[in-house]
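Here is the structure we will look at, set down as structure tokens.
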Amino acid sequence: MPEEAAHSHFGKRAARYDRSANWVLDAELIGRIRDWAEAGADSSVLDLATGTGALAEAFQGRVRRVVGLDLCTDMTEHSRRPWDELVVGDAEKMPFADGAFDVCVCRQGLQFMDAPKALAEVYRVLKPGGRVVLCHLTAYGEADRETAFLVQRLRNPARRNFFMPEDVPRLLGAAGFEAVETAEYLTVESVNQWIDNGAIGADRMEGIRKAYEGASEEFRRLHCLRFQSGDILDTMKLVLARGRKGSGGKAASL
């Protein structure tokens, strides 16, 4: 089952997750997501695929209630427990009532889910007028797609979805969200740090290095690749997208 694969993958990564990529604890990125959510003091916030809780922590003390949802307890145990409530559950079948939350945020979770099903559930558990903010790794475009997706596949065997920049807002629109907006965020990542995640072996690590070494000139330009001191620095692209549940509250059909 896909959820079992994701659970196993993140169980192996849990102990070093917060150190596995610069974006994980990036205060600027976390602050941007928090600000885009526009959660007020009376808001109830759901952090979907909460992991070690770095994003949830940004809402702590600023809103009425923060709830984290994740399948992998190994991940949530490596945290400062910044939630008012932590729920172990499936994003595709959330154990929450309709209209339970004012805001839902999800950073780097949809690639491991059935994205349309998960976003249908996000829509359901949000109040009319509620907001969702997503943040996910994408390719830059067609020019780097093949190599970017190869690298992502090798690093995350549990990954189910590989996103182009337009896919993230498209998924929100397809789920019925309105007023969809997007922004991009570039993060410089050490490939040595990024691939040493505890969940893949030396063969996959070597495959990733070879993919970078054999990358096209256009990929190298887009990703501002730098080879230095035995490491590779890759400027990766994240896409932020936010939308609003209409006052009518009727979801799009799957």
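Annotations for the structure displayed:
- Of all residues in the range 43-59, none satisfies the criterion of being buried (at least 24 other Cβ atoms within 10 Å of the Cβ), of a type in the set (Ser, Thr, Tyr) and in contact (Cβ under 8 Å) with a residue 60 or more places away in the chain.
- Checking every residue in the range 65-73 against the condition of being in a loop (DSSP other than H, G, I, E, B), among the charged types (D, E, K, R), without any contact (Cβ under 8 Å) to a residue 60 or more places away in the chain and surrounded by fewer than 20 Cβ atoms within 10 Å (Cβ to Cβ) gives zero matches.
- Within the range 125-160, the set of residues being modelled with pLDDT of 95 or more and of a type in the set (S, T, N, Q) comprises THR138, THR147, GLN152.
- Residues in the range 197-245 that are within 30 Å of GLU38 (Cβ to Cβ) and either β-branched (Val, Ile, Thr) or surrounded by fewer than 16 Cβ atoms within 10 Å (Cβ to Cβ) (or both): THR235, VAL239.
- Lone qualifier among ARG32, ARG62, ARG19 - being more than 12 Å from the chain's Cα centre (by Cα), over 24 Å from LEU154 (Cβ atoms), touching a residue at least 40 places away in the same chain (Cβ under 8 Å) and surrounded by fewer than 21 Cβ atoms within 10 Å (Cβ to Cβ): ARG32
- Within the range 110-125, being surrounded by fewer than 23 Cβ atoms within 10 Å (Cβ to Cβ) and in a loop (DSSP other than H, G, I, E, B) holds for one residue alone: ASP114.
- The range 139-180 - residue that is among the small types (Gly, Ala, Ser) and within 18 Å of GLU92 (Cα to Cα) and, of those, surrounded by the fewest Cβ atoms within 10 Å (Cβ to Cβ): GLY173
The values are calculated or read from the model by the stated rules, or taken from the named source; none is laboratory data. Just so we're clear, the structure is a prediction, and the values are computed from it rather than from any experiment. Cβ sites come from the backbone with ideal geometry, for glycine too, and all protein chains shown count toward neighbours.
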